[in-house]
Amino acid sequence: MTIRVRYGRAVREPTERSSVRASILAIAIAITIGACACGPAAAQALKTIRLPAEQTAGGKPLMQALKERHTSRDFRRDPLPPQVLSNLLWAACGINRPASGGRTAPSAHDTQEIGIYVVMADGAYLYDAKANALHLVRVGDLRAWTGLQSFAREAPVSLVYVADFAKFTRDSEPDKVFYSAADTGHISENVYLYGASEGLAVMVRAYIDKPALAKVLGLKPNQHVILAQSVGYPK
């Protein structure tokens, strides 16, 4: 028997059932990765989306955005326009001081260890703040892998925050976990405030099968999924 803790209660589950579930999950991941790496998709492996320059003027006053900040779980399927996506990512963790490379969100020791994976209907991309671009990581609709709730597959954009622990060269493992969680919190709140300013629906979550998502995104052992955040237009 296998014992799992769910909502504070220990639940016994047959080992055979666990093995079957693990096998099914492994097959699903293999199929997904295979579909993303073969045929026409392989030709798009180096695809880059150049985002329009961020618009830093306009929007609601900060105090009003704070007043209207909230979580929403109902999303329309309409994609975000390129300009809105560019503004969103810049607000999240873009460069606001080009001379030094400083970001809109702080990070411990200025390690800038959090990578933002932008998962949309056509694929998963890695945000490049310096180039203001999205670099294709996987082709195909992987949104369902970014969360266990049904709305994760409906929202047009899911941001996946991934910490690269290798960038922490002088910190203990507990500190790496703490710093990356705190830094992700800064970024996700920036997204909430931008969403409130622009009338977007936003939902941050940790209810993720992180090992499965890491495999689908092709993450390295030193890379760790911290949180995901869905963004779109409210229903």
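Every number in this text was worked out from the coordinates using simple rules, so none of it is lab data. Keep in mind it's a predicted model, so treat the numbers as computed, not measured. Neighbour counts are summed over all protein chains in view; Cβ atoms, including those assigned to glycine, are modelled from backbone coordinates with ideal geometry.
Things to note:
- Scoring 173-186, 82-95 by mean Cβ neighbours within 10 Å over their residues and listing the highest first yields 82-95, 173-186.
- Close amide H partners of Ala133, meaning residues 5 or more places away or on another chain with modelled amide H under 5 Å apart, are Leu51, Asp128.
- Counting only residues at least eight positions apart within a chain, or on another chain, the lysines with an alpha carbon under 25 Å from that of Lys210 are Lys167, Lys176, Lys220.
- Order of Glu68, Glu154 - criterion: other Cβ atoms within 10 Å of each residue's Cβ, fewest first: Glu68, Glu154
- Stokes-Einstein translational diffusion, region 110-210 - Kirkwood Rh over all Cα pairs, 1.002 mPa s, 20 °C, in µm²/s: 146 µm²/s
- A simple count of charges around Gln112, restricted to other residues whose Cβ falls under 15 Å of its Cβ and scoring Lys, Arg +1 and Asp, Glu -1, yields -1.
- Highest average first, the peptides 223-232, 71-80 ordered by how many other beta carbon atoms sit within 10 Å of their residues are 223-232, 71-80.
- Under Karplus coefficients 6.51, -1.76 and 1.60, residue-wise ³J(HN,Hα) of region 120-137 in Hz, glycine/proline x: 10, 4, 9, x, 10, 10, 9, 6, 10, 5, 5, 8, 6, 8, 10, 9, 5, 10
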